[in-house]
Amino acid sequence: MAEAAAGLLRAEAVRKSFGDHEVLKGVSLDIAEGEVVCLIGASGSGKSTLLRCLNLLEQVDDGDIWFDDREITDPRVDADAVRRDIGIVFQAYNLFPHLSVEQNIVLGPVRSRGESRADARARAHTLLERVGLGDRAGAYPDALSGGQQQRVALVRAIAMQPRLLLLDEITSALDPMLVGDVLDVIRDLRADGMTIVMATHEMTFAREVSDRIVFMADGRIEESGPPEQIFTAPRSPRTAEFLARHLP
Amino acid sequence: MTEAGTPGVSARQLERDAYRRRRARTRAAVAVVSTVVVLGVLTAGVLLSPGWPRVRETYFNLGEARSVFPEVAKAFVLNIRLFLVAEVFILIVAIIVAIIRVVPSPALAPIKLLAVVYTDVFRGTPTILVVFLVGFGVPALGLAGLPTSLFWLGVIALTLSYGAYVAEVLRAGILSIHPTQWASGRALGLSYGKTLRLVVLPQAVRRVAPPLLNDFVSLQKDTALLSIIGLVEALRVAQVDSGRTFHFSSYIVAALFFIAATIPLARFTDYLTVRSLRRENGI
Ligand SMILES: Nc1ncnc2c1ncn2[C@@H]1O[C@H](COP(=O)(O)OP(=O)(O)OP(=O)(O)O)[C@@H](O)[C@H]1O
Ligand SMILES: [Mg+2]
């Protein structure tokens, strides 16, 4: 099975409720190594919750999640170790304001992965250079623009050398002018072969960058397929209706 | 913003700058005059009061003050020592209690209950009562191993009372940190404890530094409460002197010592408040 689909992550019938409110009503999803998947759907459809379940920041109520052919929903699994392999970037408040850019980036590799500080710093500088922030290593997050902060947040996640990267609407709190730089970084990551699952409202970008679009509605996956098919010939009327409202 | 006086500034801007300078001068003049008037009236009121000559004689006798000064100064060293030692224990107790109260683990429920009872009881009890109860109650128990030195009884009393306050300040600070900060720490594979220690606590402590220091200013003064269990600190020495001479100048001397000791802390608190405000505004 492992070699057949080269599946990196598999979620099966995942359920999650907050109180009486069932947010995920049985979600199944397969992510292949190197694949870029975009999650789209109305606000409140459960995209963020699904991403948070995938790296165990939320505990599922039912269903299994497999990462690398290991069931990570098993309570005996070391969740910290799993999270070292599955990075996540949020919409805002990612960076630690009391630490400089460089300290933000090396914290995980040094304190969580146990790498040497010198190695972690060298990689931090290479990565910062790549996202055009080579000269801001000593700056504090509050002194950066929103777009720069999100690029640093991406670098911090990548510096952990994760096998899977989850991105939760990382451009939606940004000025339109600043979105482009962040999306460029994602294009770069894709070119490097990084496996990415991202929730986004940037439909044009989703269409361009993803191998597969997953449309969520009401805590379920309503439809999933290659971007061309989803955007030009959606099978579900709900998908069609959503896209009609959200395409430029 | 353009600087005033730089070449190439428009005439209208020059006019605006001149107006702002005039307005600032007027405001400063009003402030100075009103301060002088208020202080003048207060001083005159005191100096012209019928009892003033007697008050001056008993409270502000320079010769008397000079003669008790060395004694009070020597005793005040004990206040400083009490303050410094208690401060360390208070911080330790407060951090532990605050963490117990914020950790979401249900397994800790009994300990959490204990922490809640502790903060409720000791925040609600007047410090002077705690000093009485610890100072006279603990030795009365006669248990082996419990400290009997007045110094340590005093430290215990202040720690119990202030630990509850400071724990609540720290807890508020921890709760004010955005949940995404916790999630970001955990997402890097850091354990709950490491996320708390490396990510959340440093931010929380910075945020509550001004109210925290304010509590410590107050602690510095409350070391005087320990005079009631017989610790010979500055207030006690002043009291003894006044009982002997029927002068109150020794109290004024003691008061000056307390003021002098709290001023540096108070200024440091102001500095931190301004700095954190400035930082939140992204400078
Ligand atoms: N910690 C929580 N406690 C209670 N309810 C929550 C919590 N997190 C999410 N929810 C609820 O779950 C539902 C789905 O939220 P989620 O954030 O997953 O949606 P989303 O698809 O990411 O929406 P958006 O596009 O607005 O980000 C919402 O109704 C939300 O109110
Ligand atoms: Mg969301």
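The values are calculated or read from the model by the stated rules, or taken from the named source; none is laboratory data. Bear in mind that the values here come from a model prediction, so they are computed numbers and not experimental data. With ideal geometry, Cβ positions are generated from the backbone for all residues, glycine too; neighbour counts draw on all protein chains shown.
Which of the numbered conditions does B:Ile174 fail, given that it passes all the others? Conditions: (1) assigned to a helix (DSSP H, G or I); (2) of a type outside the set (Ser, Thr, Tyr); (3) within 9 Å of chain A (Cβ to nearest Cβ).
Just one mismatch for B:Ile174, condition (3).
I need a count of the residues in region B:114-145 that are within 17 Å of B:Asp215 (Cα to Cα) and assigned to a loop (DSSP other than H, G, I, E, B).
So the answer is 2.
Among all residue pairs at least 6 apart or on different chains, which show Cβ distances below 9 Å where the first residue, located in region B:221-234, is assigned by TED's automatic domain parsing to the domain that holds B:Ile128 and without any contact (Cβ under 8 Å) to a residue 60 or more places away in the chain and the second is part of a loop (DSSP other than H, G, I, E, B) and not polar (S, T, N, Q)?
B:Ser227/B:Glu233
Which one of A:Pro97, A:Pro109 is surrounded by fewer than 23 Cβ atoms within 10 Å (Cβ to Cβ), in contact (Cβ under 8 Å) with a residue 12 or more places away in the chain and within 11 Å of another protein chain (Cβ to nearest Cβ)?
It is A:Pro97.
Do you know which residues across region A:12-39 are under 15 Å from the mean Cα position of the chain (by Cα) and either part of a strand (DSSP E or B) or within 16 Å of ligand 2 (Cβ to nearest atom) (or both)?
Correct list: A:Leu29, A:Asp30, A:Ile31, A:Ala32, A:Val36, A:Val37, A:Cys38, A:Leu39.
Checking A:Arg190 against (1) farther than 26 Å from A:Phe67 by Cα; (2) more than 16 Å from ligand 2 (Cβ to nearest atom); (3) assigned to a helix (DSSP H, G or I); (4) not small (Gly, Ala, Ser), which test does it fail?
(1)
Could you run through region A:158-178 and say how many residues are modelled with pLDDT of 90 or more and in a helix (DSSP H, G or I)?
Qualifying residue count for the region: 2.
For region B:193-220, enumerate the residues that are free of Cβ contacts under 8 Å to residues at least 40 places away in the same chain and of a type in the set (Val, Ile, Thr).
Hits for region B:193-220 are B:Thr195, B:Val199, B:Val200, B:Val205, B:Val208.
Quickly run through region A:40-67 and pick out the residues that are within 14 Å of another protein chain (Cβ to nearest Cβ) and either in a loop (DSSP other than H, G, I, E, B) or near ligand 2 (Cβ under 10 Å from one of its atoms) (or both).
Of everything in region A:40-67, those that are within 14 Å of another protein chain (Cβ to nearest Cβ) and either in a loop (DSSP other than H, G, I, E, B) or near ligand 2 (Cβ under 10 Å from one of its atoms) (or both) turn out to be A:Ser48, A:Thr49, A:Leu51, A:Arg52, A:Asn55, A:Leu56, A:Leu57, A:Glu58, A:Gln59.
Every residue, every condition in (1) of a type in the set (D, E, K, R); (2) touching a residue at least 24 places away in the same chain (Cβ under 8 Å); (3) under 30 Å from B:Ala234 (Cβ atoms); (4) surrounded by 14 or more Cβ atoms within 10 Å (Cβ to Cβ), yes or no:
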| residue | (1), (2), (3), (4) |
| --- | --- |
| B:Ser67 | no, no, yes, yes |
| B:Pro70 | no, no, yes, no |
| B:Glu87 | yes, yes, yes, yes |
| B:Val102 | no, yes, no, yes |
| B:Pro106 | no, no, no, no |
| B:Lys112 | yes, no, no, yes |
| B:Val117 | no, no, no, no |
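Pairs only if they're at least six apart or on different chains, beta carbon under 8 angstrom, first in region B:242-262 and surrounded by 16 or more Cβ atoms within 10 Å (Cβ to Cβ), second outside any helix (DSSP H, G or I) and not aromatic (Phe, Trp, Tyr); list them, first residue then second.
The qualifying pairs are B:His247/B:Asn61; B:Ser249/B:Asn61.
Looking at region A:22-35, can you tell me whether even one residue there is among the polar types (S, T, N, Q) and at pLDDT 95 or above?
For region A:22-35, residues among the polar types (S, T, N, Q) and at pLDDT 95 or above: present.
Hey, among B:Thr180, B:Thr148, which residue is surrounded by fewer than 19 Cβ atoms within 10 Å (Cβ to Cβ), in the same structural domain as B:Ala98 (by TED's automatic domain parsing) and assigned to a loop (DSSP other than H, G, I, E, B)?
Only one candidate qualifies: B:Thr148.
Name the one entry in B:Glu87, B:Glu15 that is touching a Leu at 6+ places or on another chain (Cβ under 7 Å), charged (D, E, K, R) and in a helix (DSSP H, G or I).
B:Glu87
Take region A:158-175 and flag every residue that is more than 10 Å from the chain's Cα centre (by Cα) and within 10 Å of another protein chain (Cβ to nearest Cβ).
A:Ala159, A:Met160, A:Pro162 - these are the residues of region A:158-175 that are more than 10 Å from the chain's Cα centre (by Cα) and within 10 Å of another protein chain (Cβ to nearest Cβ).
Being within 16 Å of ligand 1 (Cβ to nearest atom), on the phi > 0 side of the Ramachandran plot and at pLDDT 95 or above is the requirement here; does A:Leu39 meet it?
Spelling it out, it is not the case that A:Leu39 is within 16 Å of ligand 1 (Cβ to nearest atom), on the phi > 0 side of the Ramachandran plot and at pLDDT 95 or above.
From the list A:Ile196, A:Ile221, exactly one residue is modelled with pLDDT of 95 or more and under 19 Å from A:Ser45 (Cβ atoms). Which is it?
Only one candidate passes the filter, namely A:Ile221.
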